[in-house]
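Written below as structure tokens is the structure these notes are about.
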Amino acid sequence: MNPRTNRWRTVDIVVAAVLGVAFGVVFWAWGLLYNGPADAIPLPARALLYGVWLVPGVLGALVIRKPGAAFFTETVAALVSVAFGTTWGWTLVLQGPLEGLGAELVFALFAYRVYRLPVAVLAGAVSGLVAAAYDVVYWYPSMAWATFDLPYLAITAASSAVIAGFGGWVLTRALATTGALDRFPAGRERPAV
């Protein structure tokens, strides 16, 4: 890949930051639901909703298409949610970047050249596995591997594949149809309406 195409432009930084800030606000609101009405859903089944936390990493990579985009966008979202105040507090300062690295790894495996649906779904799933592994180690260290940890990892990965991977891909295509992404390769691949 041409090294010049990997260089971040000002518009890349601004758009990635805007996506991160917007999702940081979404995270704050989602946290109210996740720890409110969703508390009625027992763990590990509540992990079905987990993929929402991982959308900005996949979306950022699909839009920006440069090394570091998933990491940057997910990290900004996590930091903004911490600034707004969350139940999980400063633990997100570490967890957000780790989740972004999970998605980043998948796009790196494809040399930052493939941004199709299967790659987005895989990026969501791997990001979910990283997030769930963090949770199992940090939040649920005393839970049983067979009855909690394994189902939690599987459900989180599946949720993240669907919500963050497929959902991020759909959101990217929807944004592209509006013309909002015309300055990015994702916008130039605009689907027919």
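None of the figures in this text is laboratory data; all of them are computed from the coordinates on show. It should be emphasised that the depicted structure is a prediction, and the values quoted were computed from it without experimental measurement. With ideal geometry, Cβ positions are generated from the backbone for all residues, glycine too; neighbour counts draw on all protein chains shown.
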*asked:* Quick query: amide H of residue 110 versus all other amide H atoms, modeled in the peptide plane; which residues come in under 5 Å with a sequence gap of 5 or more or a different chain?
replied: none
_Just to check I understand the Karplus step: with θ = phi - 60° and J = 6.51 cos²θ - 1.76 cosθ + 1.60, what whole-Hz values come out for the range 29-46, glycine and proline as x?_
5, 5, x, 5, 6, 5, 9, x, x, 5, 4, 5, 8, x, 6, x, 4, 4
*Given the peptides 125-131, 32-38, arrange them by the average over their residues of other C-beta atoms within 10 Å, most packed first.*
125-131, 32-38
*asked:* Amide H of residue 68 versus every other amide H placed in the peptide plane: which residues, excluding those fewer than 5 positions away on the same chain, fall under 5 Å?
replied: none
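Cα-Cα pairs above 22 Å in the chain: how many percent?
Here the long-distance tail beyond 22 Å is 43 percent of all Cα pairs in the chain.
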*Going through the range 107-177, which trypsin sites (Lys or Arg not before Pro) have at most 14 other Cβ atoms within 10 Å and a DSSP loop state?*
113, 116
*For the range 93-140 and the range 1-48, what is the separation of their C-alpha centers, rounded to whole Å?*
12 Å
*With just the Cα atoms of the range 92-174, tell me how far they stretch along each of the three principal axes, in Å, largest first.*
41, 22, 21
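If you count, for each residue, the other Cβ atoms within 10 Å and average over each peptide, how do 67-73, 104-110, 6-12 line up from highest to lowest?
Order by mean packing, descending: 67-73, 104-110, 6-12.
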*Distance in nm between pseudo-label sites at residue 18 and residue 110 (7 Å out along the Cβ direction from Cα)*: 2.5 nm
_Using 0.36 nm times the number of residues separating residue 25 and residue 83, minus their current alpha carbon distance, what extension gain do you get?_
19.9 nm
*Roughly how big is the chain's charge dipole about its Cα centre, with Cβ charges of +1 (Lys, Arg) and -1 (Asp, Glu), in debye to the nearest 20?*
840 debye
*Roughly what angle does helix 55-64 make with the longest principal axis of the chain, taking Cα atoms, 0 to 90 degrees, to the nearest 10?*
10 degrees
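Set the Förster distance to 45 Å, then compute FRET efficiency between residue 93 and residue 144 from the Cβ-Cβ distance, nearest 0.05.
The calculated FRET efficiency here is 0.95.
Could you sort the peptides 79-85, 161-167 by per-residue average Cβ neighbour count (10 Å cutoff), highest mean leading?
Per-residue Cβ counts within 10 Å, averaged per peptide and sorted highest first, yield 161-167, 79-85.
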_Run lengths n ≥ 4 of DSSP H only: what is the helix-derived mean residue ellipticity at 222 nm for the chain, with -39500 (n - 2.57) per run over all residues, to the nearest 500?_
-20000 deg cm²/dmol
